[in-house]
Amino acid sequence: MEPQTAKTAELVAAGQRRYVPNYAPKEMILDRGEGARVWDTDGNEYVDLGTGISVTSLGHGDPELARALSEQAGRLWHTSNLYFVEPAVRLAEELCEASFAERVFFCNSGAEANEAAIKLARKHASLRHGPEKREIVTFRNGFHGRTLATVTATAQPKYHEGFEPLPGGFRYCGYNDAAALDDAIGDRTCAVLVEPVQGEGGVVPAGSGFLAAIAERCRAHDALLMLDEIQSGLARTGRLFAYQWEEGLVPDVVTLAKALGGGLPIGAMLVGPRAAETFQPGSHGSTFGGNPVVAAVARVVLRRMRSAELLANVERQGERLRKRLTALHNTIGIIAEVRGKGLMLGAVLRGEWAGRAGDLVEACRRHGVLVLQAGPDVLRFLPPLNVTDEELDDGMDRFEAALTEAVNAGLC
Ligand SMILES: *Cc1c(COP(=O)(O)O)cnc(C)c1O
């Protein structure tokens, strides 16, 4: 690591002093990026295997995205939803063409997309059923956002503490616990909200048949099947949507955000025929939703993510990354298990290293590679989907060096 300059130290201190202290950012200032690499203000280079939590999925500084952004920036920035704009209308068409959906609602984040889905489920039930059918079933260790409703949908007590009273109407079920579905999903259920691969909860894919079993219970009880693909969607697992790994599954709602804007804020709720007409004028809204600049960029993102070439790269690099991690399991021996799909992989730490993912993430940063954790026990990898052999190899060499040094030093 280069020594920290006075300017970097001053900026870090100002951030620490002036941000509400809900984050604990690393003590560096990222300054520019290209492809899978970013540089800080002290001149250190990092291989970015975290993509800002599955957001910059086409890497940094992509010229085609930059062109779409600047073209639209020179034309029109904002109109509100009192008027149509071409980029958002086309994006809605293209999202429907690529999926089960008939209609799309645009917003600005993942939490907002899930908030829309929660409201849609309740409105849908209110038009068809009595007030007893309003329960939304979600899954332990899931993650759906930080607004009051979405944090309540997030069935993890650590996110709830101090924010009570939480809104009612949520019920929690064990993830991948098919036997528990019969009890959890019933006449009171208006919708089920589930991640096809749990991200924050430790990179845990739904077991084969689990989503289909949920879908069957939903059909039997006239409940909407709502999939949170905010992290797992948009080619991250090697298919456009992670639910497509489950043969024949058709959801009613899918929520997207993170990667859709290539780094700009956008969220989307995709709605199939059962609930496409539920929201009517006045039901719901967002001032910025469908912003033309972001939508123009998202159109390019979506087109690239649908390409066979990109999906093939996700599969190939996912296999290469998995092999590297599995090899490390054999040589360094602190990885118990590698799980996930495509380029959404988690390395589960074992033995005395369990609980120390945060220390290892910092050790990696010092060795010039940005990785994430998913809880205290899992190192999470979300590289750019167009990552090259050279970038991934370089990142994993740095990762291996970081782990080797940490183990030898007994650092953690
Ligand atoms: C990140 C995430 C969210 C929340 O998205 P924000 O844009 O941070 O509000 C919701 N669900 C899942 C699965 C996520 O990974």
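What follows draws every value from the coordinates through simple rules; no lab data is involved. Fair warning: this is a prediction, and the values are worked out from it, not measured in the lab. Cβ placement follows ideal geometry from the backbone for every residue including glycine, while neighbour counts extend to all protein chains displayed.
General remarks:
- In the stretch 88-127, taking the dipole from charged Cβ atoms about the Cα centre, the farthest positive-side position among A121, S109, A92 is held by A121.
- Karplus 3J(HN,Hα) series, Hz, for the stretch 172-188 with 6.51 cos²θ - 1.76 cosθ + 1.60 (x for Gly, Pro): 9, 9, x, 6, 6, 9, 4, 5, 7, 5, 4, 6, 6, 9, x, 5, 7
- Of all the options A402, A259, A24, the one that moves most in a Gaussian network model of the chain with Cα springs shorter than 10 angstrom is A24.
- Taking amide H atoms as placed 1.01 Å from N in the peptide plane, the amide H of G285 has no partner under 5 Å among residues 5 or more positions away or on other chains.
- Prolate/oblate/rounded label for the stretch 249-311 (Cα gyration tensor, a/c 1.5): oblate
- Global form of the stretch 200-304, assessed from the alpha-carbon gyration tensor, a/c cut-off 1.5: oblate
- Lysines with Cα under 21 Å of K123, excluding same-chain neighbours fewer than 8 positions away: K133
- Per-residue 3J(HN,Hα) values for the stretch 317-334, derived from phi via the Karplus relation 6.51 cos²θ - 1.76 cosθ + 1.60 with θ = phi - 60°, read 5, x, 5, 5, 5, 4, 4, 4, 5, 5, 4, 5, 4, 7, 8, 8, x, 9 Hz in sequence order (x marks Gly and Pro).
- Just so you know, the Rg over Rh for the stretch 91-171 is 1.02, from Cα atoms, with Rh as the Kirkwood radius.
- Magnitude of the charge dipole for the stretch 1-45, about its Cα centre and with charges confined to Cβ atoms of Lys, Arg (+1) and Asp, Glu (-1), is about 260 debye.
- Pairwise centroid distance, computed over Cα atoms, of the stretch 43-70 with the stretch 284-330, Å: 11 Å
- Angle in degrees between helix 292-305 and the longest Cα principal axis of the chain, rounded to the nearest 10: 80 degrees
- Summing Cβ point charges (Lys, Arg +1; Asp, Glu -1) relative to the Cα centre of the chain gives a dipole of roughly 780 debye.
- Amide H partners (placed H, <5 Å) of G142, local residues excluded: A155
- Amide H contacts under 5 Å for L240, placed H, 5+ residues apart: A235
- Sorted largest first, extent of the stretch 288-408 alpha carbons per principal axis (Å): 51, 31, 23
- Other residues with beta-carbon under 12 Å from the beta-carbon of V104 carry, at +1 per Lys or Arg and -1 per Asp or Glu, a net charge of -2.
- For the chain, the relative contact order comes to 21 percent (Cα pairs under 8 Å, sequence separation of at least 6).
- Net charge over other residues, Cβ less than 9 angstrom from the Cβ of T56 (K, R count +1; D, E count -1): -2
- Each Lys and Arg contributes +1 and each Asp and Glu -1, all at the Cβ; summed about the Cα centre of the stretch 94-136, the dipole is approximately 340 debye.
- Whole-Hz couplings from phi, Karplus 6.51/-1.76/1.60, listed for the stretch 339-356; x for Gly and Pro: 9, x, 9, x, 9, 10, 10, x, 9, 7, 7, 10, x, 5, 8, 4, x, 10
- Of G209, G162, G43, the residue with the greatest mean-square motion in the GNM of the chain, using alpha carbon springs below 10 Å, is G162.
- For the stretch 40-141: rounded, prolate or oblate by the Cα gyration tensor [a/c cutoff 1.5]: oblate
- Helix axis angle, 357-366 relative to the chain longest principal axis, alpha carbon, degrees: 50 degrees
- Shown for F163, F241: other C-beta atoms within 10 Å of each C-beta, ranked fewest to most, produce the order F163, F241.
- Of all DSSP beta bridges in the chain, antiparallel share, percent nearest 5: 65 percent
- Between helix 110-128 and the chain: long-axis angle, C-alpha atoms, 0 to 90°, nearest 10: 20 degrees
- Helix-only CD estimate at 222 nm, as mean residue ellipticity for the chain, using -39500 (n - 2.57) per DSSP H run (n ≥ 4): -11500 deg cm²/dmol
- Count Lys and Arg as plus one, Asp and Glu as minus one, and take only other residues whose Cβ is under 9 Å from that of A212; the net charge is then -3.
- Averaging over all projection directions, the Cα-based convex hull of the chain occupies 20.7 nm² in the image plane.
- Note on the chain: GNM, Cα springs under 10 Å; of Q280, Q72, Q244, the largest mean-square fluctuation is that of Q280.
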